[in-house]
Amino acid sequence: MTRSDLVNLLAARFGQLTHRDAEFAVKTMLDTMTEALGRGHRIEIRGFGSFAVNRRPPRMGRNPRSGEPVVIPEKLVPHFKPGKALREAVDRTAAASTPTPASASGEKA
């Protein structure tokens, strides 16, 4: 699902929202989350998951073209950890849509 798919889905599901309002809501939410992570805060959405910032320490790498060592600086990267409800929902949905080995080969059980 893309950002525009999400905007279209929200506008369709909630008739009182115009497409422009749905787009503004999605943009505001994502911008607010980005700013919070940028300040080092943790975001937790119950039943969905949590976002945090992980630190990748500086390390020595290698230039693949020349082979010479290169210092790779420290990085702060966003990390998402899905919540239990999300993991279970994805597992149920995937299990329901995945054919069983017997039905995949065309055999009858």
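The values are calculated or read from the model by the stated rules, or taken from the named source; none is laboratory data. All values reported here derive from a predicted model rather than from experimental measurement. When we count neighbours, we look across all protein chains shown, and the Cβ atoms used for this are built from the backbone with ideal geometry, even at glycine.
Looking at the chain, the strands (runs of 3 or more DSSP E) lying wholly inside it that each contain 1 or more residues that are touching a Gly at 6+ places or on another chain (Cβ under 7 Å) sit at 49-56, 69-72, 75-82. Does residue 17 count as outside the structural domain of residue 78 (by TED's automatic domain parsing) and at pLDDT below 95? Criteria met by residue 17.
Only residues that are over 20 Å from residue 6 (Cα atoms), touching a residue at least 24 places away in the same chain (Cβ under 8 Å) and surrounded by 11 or more Cβ atoms within 10 Å (Cβ to Cβ) were counted across segment 29-75, and they come to 3. Among the residues here, residue 87 does not qualify as exposed (fewer than 10 other Cβ atoms within 10 Å of the Cβ) and of a type in the set (Lys, Arg).
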